[in-house]
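The block underneath contains the structure these notes are about, expressed in structure tokens.
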Amino acid sequence: MSRGVGRAGAGQGAAAALQLLVTLSFLPSVVEAQVTGVLDDCLCDVDSIDNFNTFKIFPKIKKLQERDYFRYYKVNLKRPCPFWAEDGHCSIKDCHVEPCPESKIPVGIKAGSSNKYLKVANNTKELEDCEQASKLGAINSTLSNQSREAFIDWARYDDSQDHFCELDDERSPAAQYVDLLLNPERYTGYKGPSAWRVWNSIYEENCFKPRSVYRPLNPLAPSRGEDDGESFYTWLEGLCLEKRVFYKLISGLHASINLHLCANYLLEETWGKPTWGPNMKEFKRRFDPVETKGEGPRRLKNLYFLYLIELRALSKVAPYFERSIVDLYTGNVKEDADTKTLLLNIFQDTKSFPMHFDEKSMFAGDKKGAKSLKEEFRLHFKNISRIMDCVGCDKCRLWGKLQTQGLGTALKILFSEKEIQKLPENSPSKGFQLTRQEIVALLNAFGRLSTSIKELQNFKVLLQHSRDASYCLVGEGDLQVNLTKK
């Protein structure tokens with residue numbers, strides 16, 4: 001090889017190394033640079049949420065989710081899809097949900113009433129009778145007058161309550177307890193037309209999309225040319241606050257679910273032993289600003305907005321659980337007391353957050369118009385909760401139902417402030433109630449958001465490490481170039 005050719009090759013190698021350095025170092029920093037600052041439609045910033053979640057919320061909510069009261073969730077995964085004929089359930093093994101044997105469920109949880117967290121209902125004899133009873137009249141024959149009045153109040157309230165979610169009937173033979181710790185949310189391989197149709201129905205039919213907007217809102221939809229990217233979202237600014245909030249909640253929920261899948265991805269399987277962990281390529285595909293044409297950071301900011309909404313709901317519902325009458329009952333007296341102490345500690349933290357979303361800014365206009373808009377908001381979200389029964393993967397359906405129910409419960413709390421303020425200290429409330437199913441969904445859904453934000457921090461660290469590694473690789477390349485020159 002001639003010296004001229006050698007110098008040319010060395011020069012090209014140095015240029016290529018420099019280009020590699022620029023490319024690898026730039027892409028990771030872009031995610032950090034764009035997912036920062038103050039969130040739209042509120043006065044809170046990303047960094048404040050990161051710090052608050054990392055040092056106050058995440059360690060405690062993770063511990064709470066491991067408690068018996070919150071780890072067992074009763075759900076019906078066999079309800080038929082109400083909107084279209086199902087293609088059949090996913091046959092991928094990771095889609096499977098393992099129901100919990102009846103013998104493993106704490107006696108206080110499986111005793112029959114969905115509201116089994118009040119002390120007036122926690123009598124062992126009553127629990128056994130309730131388990132056998134199928135009608136309210138049968139329960140009435142064994143309960144004290146105070147307990148009977150409580151159950152009547154609960155039934156009356158449930159019949160009249162405007163729920164944001166379609167709740168499963170826990171008395172249905174198809175409803176089963178699931179141990180959430182043994183059925184973690186992670187990548188299952190569920191995708192294709194079935195998954196696309198679910199998200200398409202959610203975005204296109206329920207997110208208040210203007211008729212003038214032709215491009216699909218669904219991130220899974222194929223590219224549509226010039227309408228792609230950040231510029232597409234100018235239509236969102238033309239919506240009223242309530243409809244913008246609705247879209248951000250759904251987008252944030254979708255981003256959170258995607259983060260869980262990226263963070264718990266099946267990396268390899270050797271001799272039947274799977275290895276789960278973070279998948280950087282999958283994360284970039286869903287959130288990198290270059291690969292998503294600027295939409296990835298917006299989706300992640302919507303995750304922070306959703307976190308803020310559910311955080312506000314927890315701070316507002318604290319008085320409900322602070323009453324002495326409320327006892328998160330499983331039958332284990334010591335653990336139940338510890339669980340409530342931990343829960344109240346989390347509530348105290350949520351109330352200490354200084355930059356809460358102001359829900360009073362919503363539905364604040366003309367009373368008649370505000371009432372109509374609120375009802376439309378509620379029905380759209382309730383419809384989305386019904387769409388969860390169309391998810392073909394059982395594990396995806398489980399976590400989809402739980403997280404939509406958790407968000408629906410949060411919305412129910414935010415718009416029940418007056419009823420919560422009037423709660424009696426030592427008797428059940430006639431104006432506001434939460435079932436155990438709602439309580440478990442609320443705290444686990446918020447736990448999922450807390451985990452998502454924590455996982456996002458982990459991905460930022462991994463991105464930084466990849467950037468540092470790129471410097472090392474380029475350094476080695478420069479050394480080789482210098483040796484060639486000599």
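The values are calculated or read from the model by the stated rules, or taken from the named source; none is laboratory data. Values in this document were obtained by computation on a predicted structure and should not be read as measured data. Note that we place each Cβ from the backbone using ideal geometry, even for glycine, and neighbour counts take in every protein chain shown. Side chains included, ligands, DNA and RNA excluded: accessible areas come from the protein's heavy atoms. Shrake-Rupley method; radii C 1.70, N 1.55, O 1.52, S 1.80 Å.
I'd like to verify a number: residues in segment 449-465 that are open to solvent by less than 60 Å² (accessible area, probe 1.4 Å) and among the β-branched types (Val, Ile, Thr), how many?
Qualifying residue count, segment 449-465: 2.
Exactly one condition in (1) modelled with pLDDT of 95 or more; (2) in contact with a Gly (Cβ under 8 Å, 6 or more places away or on another chain); (3) surrounded by fewer than 17 Cβ atoms within 10 Å (Cβ to Cβ) is false for PHE381; which is it?
So the condition that PHE381 fails would be (3).
Which pairs turn up if I take residues in segment 248-274 that are at pLDDT below 95 and look for partners that are in a strand (DSSP E or B) and among the β-branched types (Val, Ile, Thr) with beta carbon separation below 6 Å, at least 6 apart in sequence or on another chain?
Qualifying pairs under 6 Å: LEU267/THR275; GLU268/THR275.
To keep it simple, each residue is scored yes or no on (1) touching a Lys or Arg at 6+ places or on another chain (Cβ under 7 Å); (2) at pLDDT below 95; (3) over 24 Å from GLU185 (Cβ atoms).
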residue	(1), (2), (3)
ALA15	no, yes, yes
LEU18	no, yes, yes
SER25	yes, yes, yes
GLN34	no, yes, yes
PHE70	no, no, no
LYS78	no, yes, no
LYS93	no, yes, no
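Considering only helices (runs of 4 or more DSSP H) fully contained in segment 190-280, which possess at least 1 residues that are open to solvent by 60 Å² or more (accessible area, probe 1.4 Å)?
193-206, 234-237
Would you confirm whether or not segment 109-119 contains a residue that is open to solvent by 40 Å² or more (accessible area, probe 1.4 Å), in a loop (DSSP other than H, G, I, E, B) and at pLDDT 60 or above?
Checking segment 109-119: at least one residue is open to solvent by 40 Å² or more (accessible area, probe 1.4 Å), in a loop (DSSP other than H, G, I, E, B) and at pLDDT 60 or above.
So, of the residues in segment 365-422 that are small (Gly, Ala, Ser) and assigned to a loop (DSSP other than H, G, I, E, B), which turns out to be farthest from TYR187 (Cα to Cα)?
Only one residue tops the list, namely GLY365.
Could you list, ordered by first residue, the pairs with Cβ atoms under 6 Å in which the first is in segment 292-316 and touching a residue at least 24 places away in the same chain (Cβ under 8 Å) and the second is assigned to a helix (DSSP H, G or I) and acidic (Asp, Glu), at least 6 apart or interchain?
GLY294/GLU230
Across segment 230-273, what is the number of residues that are farther than 30 Å from ASP366 by Cα and among the hydroxyl-bearing types (Ser, Thr, Tyr)?
4
Looking only at segment 389-442, count every residue that is open to solvent by 10 Å² or more (accessible area, probe 1.4 Å), under 16 Å from the mean Cα position of the chain (by Cα) and of a type in the set (D, E, K, R) and tell me the total.
2
Are there any pairs with C-beta distances below 7 angstrom linking a residue in segment 381-397 that is of a type in the set (D, E, K, R) to a residue that is open to solvent by less than 20 Å² (accessible area, probe 1.4 Å) and in a helix (DSSP H, G or I), with the two at least 6 apart or on different chains, and if so which?
ASP394/CYS95; LYS395/CYS95; ARG397/MET388
What is the residue count in segment 301-329 for residues that are surrounded by 23 or more Cβ atoms within 10 Å (Cβ to Cβ) and modelled with pLDDT under 95?
Going through segment 301-329 one residue at a time, the tally reaches 2.
Taking PHE446 as the residue in question, decide whether it is part of a loop (DSSP other than H, G, I, E, B) and buried (at least 16 other Cβ atoms within 10 Å of the Cβ).
In short, no.
What are the pairs, 6+ residues apart or on separate chains, where a residue within segment 330-349 that is within 10 Å of ARG67 (Cβ to Cβ) and outside any helix (DSSP H, G or I) has its Cβ under 6 Å from a residue that is modelled with pLDDT of 95 or more and of a type outside the set (Asp, Glu)?
THR330/TYR69
Being exposed (fewer than 15 other Cβ atoms within 10 Å of the Cβ) and of a type in the set (Gly, Ala, Ser) is the filter here; which residues of segment 330-358 pass it?
Applying the first criterion (exposed (fewer than 15 other Cβ atoms within 10 Å of the Cβ)) to segment 330-358 yields 333-334, 337-338, 341, 344-345, 348, 351-352, 354, 358.
If the condition is that a residue be exposed (fewer than 15 other Cβ atoms within 10 Å of the Cβ) and of a type in the set (Gly, Ala, Ser), then ALA337, SER352 are the ones that fit.
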